[in-house]
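Here the structure is laid out as structure tokens; the discussion comes afterwards.
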Amino acid sequence: MSFPWANHYEPKQPFMRWLDEKLPLPRLAYNAVGAGYPVPRNLNYFWNFGVLAGAALAIQIVTGIVLAMHYHSDAATAFSSINGTIMRDVNAGWFLRYAHANGASMFFIVVYTHIFRGLYYGSYKAPREMVWLLGVVIFLLMMATAFMGYVLPWGQMSFWGAQVITGFFSAIPGIGETIRIWLLGGYAPDDAALNRFFSLHYLLPFVIAAVIILHIWALHIPGSGNPTGVDVKGEQDTVPFHPYYTAKDGFGLGVFLLLFAALVFFFPDMLGHPDNYIAANPLQTPAHIVPEWYFWPFYAILRSFTSDFILPAKLWGVLAMFGSILLLFFLPWLDSSPIRSNNYRPKARIAFWVLVLDVLILGYCGGSPADPLYVIVAQVCSAYYFLHFLVILPWIARTERPVALPNSITEAVLAGKGGTSPAETALAH
Amino acid sequence: MVRWIAALVGLAFAGVLAIALVITVWGVASDSTPKIWTGAPKSAETEFHKHPRDAGLSSAGVFGKFDKQQLQRGFQVYKEVCSACHSLKYVAFRDLTGLGYSEGQVKAIAAGFDNIPSINPDTGEAATRKGVPADHFPLAFANDIAARAANNNAIPPDLSYMTRARHGGADYVYSLLTGYQDQPAALLKEFPDAKTPNGLHFNPYFANLNIAMPPPLRSEGQVQYSDGTKPTVDNMARDVAAFLVWTADPNLETRHQYGFMAVIFLLFSSLLAFGAYRNVWRDVKH
């Protein structure tokens, strides 16, 4: 971002000046995450989660590459390569496995918080629409990667989860079944599917990394948003990223790693399903097939469509499940309010918290058996989810009367209220 | 334009969900069979399934440690009772040093197994040999068909991961082994069709209440403990559950040790990082 008061990179040592002439990577780092990137001074802790997401990806890549040195992607030996060799015989193999499995959960915890920060503070609005679009792409890639990764241990849930998810393709009228068999390399998930899932699971994280670079680049054109949603007006509104936000992110990283360590070392199976410690058996269906927790809200939406209506119920469910994520692409144009932050939008703020509750309830229903109570609750919550983004937010944007914005970030900071966290806003009003 | 299409799509999904909702509610309301609170039909499982009792193992909780004496007793129970039908294929004999055995004892234990599959070095025919520490525990049956033939068409599952492959873990294993009982009269009265079929055994801790495995621990003294512990059914069940926690999670103690070091280090470094953050921001109002 070209804020005129940004610090300039000035290499002093001869080697650094030579490098700056030939391949200015240190300059790039200085301007992107160093003292050369001015950032609003009023960011709260919800702004830590982008860096934490990057850290989670790095952890997944490092643990994943080492695991891949010992993993066999063969249907006959995959389960024992992990549960027989890696967990028992490979030095610190158990740590790598737990770190990678729980690291995926940490990645989604962080990314969901990051997304909800974006929803609350209007980070998807102009001029940051591209940041948001790239973010949704990253989210979709993450979901594909996580799904394929969960299949790799070839446990009962791995196999039957693959059976359910790849079954979606057969919902496509006419050509669906052909596509499904082509993608799987067979009539059911088997050796062919497992091998190609391993290949793609290794590939996609690097695609995610590339899109993240674009995501950060797109952000650095207008610069970071802030909790007031008011644009940066002058030098007094910003601080250089280094050392102010490197220090804050360092603390955030410590807390993240603390939570991560608690999971890996003390509760490694808490977020998993016991059935995945049973080797895959195509002839024995588990009592309840559920995906990992981070897919539960979408699983609930999928299972809510229980009746045919013009289209078969299964097709409605698949369309709604993918639609629930694809609609995020249109959010910058659905929510047309020029006010970015929900701190100054009373109606939108209420709708936001209803959405949070809605998604949490959907998650609970998705992880539960498909008993009538959970199906009914999920049907109501799924309806709200679609109405929220596609009807309620556009309507609020057109009819709402927002609270007066502060004139500048510095004004909000000096006034001491209404500028930083949602809790402070709630107390102030 | 986007907004009109979006509103249409949103109302379409909401509309179809409303239809599905009405049909689901009508289906539940018009179905007069007895149901549990979630709307699922009442059955013998929902009414008479019991949740696992606490086994009180020393390995439980974040401060969990193995009781090596108990692990050795549990191993003895496995070897003398369970190994007749259940394999332990992910555990190697050399791993038994984790139970407190010396290398020499492990060699002797391994040599005690003379059914390790092998090949006759002269004729090339299938043969068996004595175990060495590098071997894994041998399979109880040659293949699945042999397993079914000997067990009323049920395959006794491998026990290596049993305490991680079931909800309730070690508590479930302990409760199951001590939970065999006669089918309650109340169950037969309410669900006469749920009478335990011939060849199966009633156990309220098992998911569908009727398990193919006959009670393996039937009487006190089935296994002769050498450390003075009374070999009651309760003790034997608890000991073998503890052993199976070890087979499923041999690194438990190491994991907890490293965990404490990691958590303490991270607490300390997070504190320092917080101090650094406050110091950096000291003169900036934010």
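We did not get these values from a lab; they are worked out from the coordinates using the rules stated. No experiment lies behind these values; they were computed from the predicted model shown. Here the Cβ is made from the backbone with ideal geometry for all residues, glycine too, and neighbour counts use every protein chain on show.
Between B:P216, B:N115, B:A150, whose Cα lies farthest towards the positive end of the dipole of chain B when Lys and Arg beta carbons carry +1 and Asp and Glu beta carbons carry -1, centred on the Cα centre? Positive-most Cα among the choices belongs to B:P216. With axes computed from alpha carbons, what is the tilt in degrees of helix A:313-326 against the longest principal axis of chain A, rounded to the nearest 10 within 0 to 90? Taking Cα atoms only, the helix is inclined about 30 degrees.
Cross-linked pairs B:K35/B:K195; A:K233/B:K285; B:K79/B:K107; B:K50/B:K79; B:K79/B:K130; B:K42/B:K195: Cα-Cα separations exceed 23 Å for B:K50/B:K79. Each helix, a run of at least 4 DSSP H residues, gives -39500 (n - 2.57); summed and divided by the residues of chain B, these come to -14000 deg cm²/dmol at 222 nm.
For chain A, the longest principal axis of the alpha carbon atoms and the long axis of helix A:156-167 meet at an angle near 80°.
Just to be sure I understand: if I project the alpha-carbon convex hull of the range B:131-223 onto a plane and average over all orientations, what area do I get in nm²? Don't skip to the answer; put the middle values down first.
On the way: hull surface 33.8 nm².
Here the figure is 8.4 nm², rounded to one decimal.
Placing +1 on the Cβ of every Lys and Arg and -1 on the Cβ of every Asp and Glu, with no other charges, gives the range B:145-286 a dipole of roughly 520 debye about its Cα centre. For A:K22, the lysines whose Cα comes closer than 27 Å to its Cα, not counting residues fewer than 8 places off in the same chain, are A:K12.
Taking the number of other C-beta atoms within 10 Å as the exposure measure, put B:D114, A:D371 in order starting with the fewest. Working shown, then result.
Numbers: B:D114 10, A:D371 17.
Placing the least packed residue first, the sequence is B:D114, A:D371.
In terms of surrounding Cβ atoms within a 10 Å radius of their Cβ, B:D95, B:D193, B:D54, A:D237 rank from fewest to most as B:D193, B:D54, B:D95, A:D237. Taking the Cα centre of the range A:41-428 as origin and assigning +1 to Lys and Arg Cβ atoms and -1 to Asp and Glu Cβ atoms, the resulting dipole is close to 820 debye. Partner aspartates and glutamates whose Cα lies under 13 Å from the Cα of A:K347, excluding those fewer than 8 positions away in the same chain, are identified as A:D335, A:E400.
Translational diffusion coefficient, Stokes-Einstein: compute it for the range B:1-125 using the Kirkwood radius over C-alpha pairs as Rh, at 25 °C and 0.890 mPa s, and state it as an integer in µm² s⁻¹. Present the calculation step by step, with values, prior to reporting the outcome.
Details: Rh = 22.0 Å.
For the chosen part, D equals 111 µm²/s.
Rounded if a/c is under 1.5, else prolate if a/b is larger than b/c, else oblate: which is the range A:230-374, with a ≥ b ≥ c the root eigenvalues of its Cα gyration tensor? Oblate. Note on the range A:41-428: Rg/Rh from C-alpha atoms, Kirkwood Rh, equals 0.99.
Computed over all pairs of different Cα atoms, the Kirkwood value for the hydrodynamic radius of the protein assembly as shown is 29.2 Å.
Centre-to-centre, using Cα atoms only, the range B:126-204 and the range A:140-159 are separated by 29 Å.
About its Cα centre, the dipole of the range B:185-267 is roughly 140 debye, where the only charges are +1 on Lys and Arg Cβ and -1 on Asp and Glu Cβ.
What ranking do B:D67, A:D74 get, fewest neighbouring Cβ atoms within 10 angstrom at the top? Mind dumping the intermediate values first?
On the way: B:D67 16, A:D74 13.
By the 10 Å Cβ count, ascending: A:D74, B:D67.
May I ask for the Kirkwood hydrodynamic radius of chain B, worked out over all distinct Cα pairs and given in angstroms to one decimal? Each step should come with its number before you reach the end.
On the way: mean 1/r = 0.0419 Å⁻¹.
About 23.9 Å, per the Kirkwood formula over Cα pairs.
Summed over qualifying helices (DSSP H, 4 residues or more, each -39500 (n - 2.57)) and divided by its residue number, chain A shows a 222 nm mean residue ellipticity of -18500 deg cm²/dmol. Each 5 Å bin from 0 upward holds the following percent of the Cα-Cα pairs of the range B:206-286: 3, 11, 10, 11, 11, 9, 8, 7, 6, 6, 5, 5, 4, 3, 2, 0. The mean sequence distance of close C-alpha pairs (under 8 Å, at least 6 residues apart), as a share of the length of chain B, puts its relative contact order at 22 percent.
Considering only A:Y121, A:Y45, A:Y150, the Gaussian network model of chain A with Cα springs below 10 Å gives its largest mean-square fluctuation to A:Y45.
Just to compare against my own numbers: the Cα pair-distance distribution for the range A:345-406, 10 Å bins, whole % per bin, please. Here the calculated profile for the range A:345-406 is 22, 42, 23, 11, 3.
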